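K.L.:
The structure under discussion is supplied below as structure tokens; questions concerning it will follow.
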Amino acid sequence: MTAEVLTPVTDLVTTPTRRRGLRGVGVIGYISAGVIAFALVLAIVGPFIRPYDPNLINFSYANVGPIAGHPLGFDGQGRDLLSRLMVGARTCVLGAMFVALLSIFIGTSLAVITAWFGGKTDTSISGVLDVVFAFPGILLAIVAAAVFGPSLLSAGLALAIAYSPYIARVLRGAAIKERAQAYIAAMEVQGFGVWRLCARHLVPNISSLIVAQGTILFGYAMVDLAAISFLGLGVQSPTADWGVMISEGKIGLLQGYPLESFSAVLCIVIVVSAVSFLGERLSERSKQGRS
């Protein structure tokens with residue numbers, strides 16, 4: 001009698017193939033990714049390669065336009081605008097990245113927990129998320145500033161908490177669908193642990209949706225952080241930051257010197273637009289992959 005060879009269940013039921021990278025996002029997607037990459041590099045190396053001290057005040061050059069060696073001119077206190085833009089990218093871009101990554105981590109964790117365990121766990125977590133939905137991010141940042149004092153860290157944490165329910169809600173449906181796949185049941189039968197299944201299979205298979213939502217969230221975080229700094233609740237003057245530059249440029253704007261505010265607004269608009277375009281392309285691709 002011939003012995004039967006038992007084939008492992010994982011050989012019979014394989015996980016879905018995942019598309020990786022930026023394939024399929026189109027020309028606009030690649031251009032947007034390039035803009036984002038440039039902004040990230042500038043945020044990291046900007047403070048080290050800026051041509052002048054961004055906080056060096058020289059009132060004799062206040063609101064002076066572009067001159068030799070200073071292609072963007074000076075702000076209302078005679079500080080070099082190009083240097084302040086380069087240094088200000090760090091708090092604005094990296095701060096938005098911190099908010100996006102933290103909210104994605106919290107939101108993804110909650111989505112996976114609710115999708116996997118369901119029942120009372122799902123009901124309880126969903127109820128808490130509904131409560132957090134009622135509080136706008138700016139409002140939570142104002143409360144955090146009142147309690148802990150104005151700072152980029154307190155504002156970033158408040159925004160991350162406010163954004164987490166949105167990520168959790170979007171990912172919950174995809175996680176539930178993935179949880180019901182045959183390969184998950186097959187691996188459970190073989191004794192694979194819950195966290196191993198989630199970390200190595202479930203989460204990677206919804207990674208395209210996570211990345212798509214994260215890029216969109218990055219843009220929202222940048223705008224909100226700039227608004228919070230504009231209100232004086234985030235980065236504090238004289239630290240170079242795009243939101244602070246918009247706030248400090250108000251007087252010059254009214255006096256007919258719009259360059260400080262305009263240059264900072266333009267940087268934010270370019271980066272946020274690039275993130276939005278890329279997020280839209282990635283979101284369309286993730287929908288095609290799930291259909």
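K.L.:
Quick check on this structure: which one of 209, 253, 225 is touching a Ser or Thr at 6+ places or on another chain (Cβ under 7 Å) and crowded, with 23+ Cβ neighbours inside 10 Å? Write out each step before concluding.
P.N.:
Numbers: 253 fails: crowded, with 23+ Cβ neighbours inside 10 Å; 225 fails: touching a Ser or Thr at 6+ places or on another chain (Cβ under 7 Å).
The match here is 209.
K.L.:
Related question: Quick one: which of 210, 161, 138, 167 is out of contact with any Lys or Arg (no Cβ under 9 Å at 6 or more places or on another chain), modelled with pLDDT under 85 and of a type in the set (A, V, I, L, M)? Even if it seems obvious, please write down each step before you answer.
P.N.:
On the way: 210 fails: modelled with pLDDT under 85; 161 fails: modelled with pLDDT under 85; 167 fails: modelled with pLDDT under 85.
None of the others qualify; the one that does is 138.
K.L.:
What are the residues in region 126-175 that are touching a residue at least 40 places away in the same chain (Cβ under 8 Å), more than 14 Å from residue 232 (Cα to Cα) and of a type in the set (Val, Ile, Thr), if any?
P.N.:
Within region 126-175, 161, 167, 170 meet the criteria.
K.L.:
Given the residues 121, 114, 91, 108, which is the only one that is within 30 Å of residue 259 (Cα to Cα), polar (S, T, N, Q), out of contact with any strand residue (DSSP E or B) (no Cβ under 8 Å at 6 or more places or on another chain) and in a helix (DSSP H, G or I)? Outline the logic, then answer.
P.N.:
On the way: 121 fails: within 30 Å of residue 259 (Cα to Cα); 114 fails: within 30 Å of residue 259 (Cα to Cα); 108 fails: within 30 Å of residue 259 (Cα to Cα).
Exactly one of 121, 114, 91, 108 is within 30 Å of residue 259 (Cα to Cα), polar (S, T, N, Q), out of contact with any strand residue (DSSP E or B) (no Cβ under 8 Å at 6 or more places or on another chain) and in a helix (DSSP H, G or I), namely 91.
K.L.:
For region 246-291, which residues satisfy the criterion of being modelled with pLDDT of 90 or more and either of a type in the set (D, E, K, R) or at positive phi (or both)?
P.N.:
Result: 248, 260.
K.L.:
Let me ask another. Within region 4-15, does at least one residue satisfy the condition of being in a loop (DSSP other than H, G, I, E, B), modelled with pLDDT under 85 and among the acidic types (Asp, Glu)?
P.N.:
To start, the set of residues in region 4-15 that are in a loop (DSSP other than H, G, I, E, B) comprises 4-8, 13-15.
Subsequent filtering for residues that are modelled with pLDDT under 85 retains 4-8, 13-15.
Okay, now just the ones that are also among the acidic types (Asp, Glu), so 4.
Yes, some residue in region 4-15 is in a loop (DSSP other than H, G, I, E, B), modelled with pLDDT under 85 and among the acidic types (Asp, Glu).
Okay, residues lined up against (1) in contact with a helix residue (DSSP H, G or I) (Cβ under 6 Å, 6 or more places away or on another chain); (2) among the aromatic types (Phe, Trp, Tyr); (3) in a loop (DSSP other than H, G, I, E, B):
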site	(1), (2), (3)
234	yes, no, yes
246	yes, no, no
252	yes, no, no
257	no, yes, yes
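K.L.:
Just to be sure I understand, how many residues within region 65-93 are buried (at least 16 other Cβ atoms within 10 Å of the Cβ) and either aliphatic (A, V, I, L, M) or closer than 30 Å to residue 195 by Cβ (or both)?
P.N.:
The qualifying residues number 8.
K.L.:
Kindly provide the set of residues from region 176-233 that are over 25 Å from the mean Cα position of the chain (by Cα), over 22 Å from residue 110 (Cα atoms) and without any contact (Cβ under 8 Å) to a residue 40 or more places away in the chain, ordered by number.
P.N.:
Once the filter is applied, which keeps residues that are over 25 Å from the mean Cα position of the chain (by Cα), over 22 Å from residue 110 (Cα atoms) and without any contact (Cβ under 8 Å) to a residue 40 or more places away in the chain, region 176-233 yields only 191.
Here's the yes/no breakdown for (1) at pLDDT 90 or above; (2) farther than 21 Å from residue 245 by Cβ; (3) within 18 Å of the chain's Cα centre (by Cα); (4) not hydroxyl-bearing (Ser, Thr, Tyr):
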| residue | (1), (2), (3), (4) |
| --- | --- |
| 75 | yes, no, no, yes |
| 82 | yes, no, no, yes |
| 89 | yes, no, yes, yes |
| 98 | yes, no, yes, yes |
| 146 | no, yes, no, yes |
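K.L.:
Which one is surrounded by the fewest Cβ atoms within 10 Å (Cβ to Cβ) among residues in region 109-121 that are farther than 12 Å from residue 169 by Cβ and in contact with a helix residue (DSSP H, G or I) (Cβ under 7 Å, 6 or more places away or on another chain)?
P.N.:
Let us first name the residues in region 109-121 that are farther than 12 Å from residue 169 by Cβ, namely 109, 112-113, 116-121.
Okay, now just the ones that are also in contact with a helix residue (DSSP H, G or I) (Cβ under 7 Å, 6 or more places away or on another chain), so 112-113, 116, 121.
Numbers: 112: 25, 113: 18, 116: 19, 121: 13.
This residue is 121.
K.L.:
With the requirement that a residue be farther than 30 Å from residue 25 by Cα and among the polar types (S, T, N, Q), what does region 182-209 give you? Even if it seems obvious, please write down each step before you answer.
P.N.:
Kept after step one, since they are farther than 30 Å from residue 25 by Cα, are these residues of region 182-209: 185-196.
The one that is farther than 30 Å from residue 25 by Cα and among the polar types (S, T, N, Q): 190.
K.L.:
Got a sec? Which of 243, 232 is at pLDDT 85 or above, under 30 Å from residue 149 (Cβ atoms) and surrounded by 19 or more Cβ atoms within 10 Å (Cβ to Cβ)? Steps first, answer last, please.
P.N.:
On the way: 232 fails: surrounded by 19 or more Cβ atoms within 10 Å (Cβ to Cβ).
Just one listed residue meets the conditions, 243.
K.L.:
For residue 72, are the conditions met, namely being assigned to a loop (DSSP other than H, G, I, E, B), of a type in the set (A, V, I, L, M) and out of contact with any Phe, Trp or Tyr (no Cβ under 6 Å at 6 or more places or on another chain)?
P.N.:
Numbers: assigned to a loop (DSSP other than H, G, I, E, B): yes; of a type in the set (A, V, I, L, M): yes; out of contact with any Phe, Trp or Tyr (no Cβ under 6 Å at 6 or more places or on another chain): yes.
The answer is yes for residue 72.
The values are calculated or read from the model by the stated rules, or taken from the named source; none is laboratory data. Every value quoted in this text rests on a predicted model; they were computed, and no experiment measured them. Every residue, glycine as well, gets a Cβ built from its backbone with ideal geometry; the counts of neighbours run over all protein chains shown.
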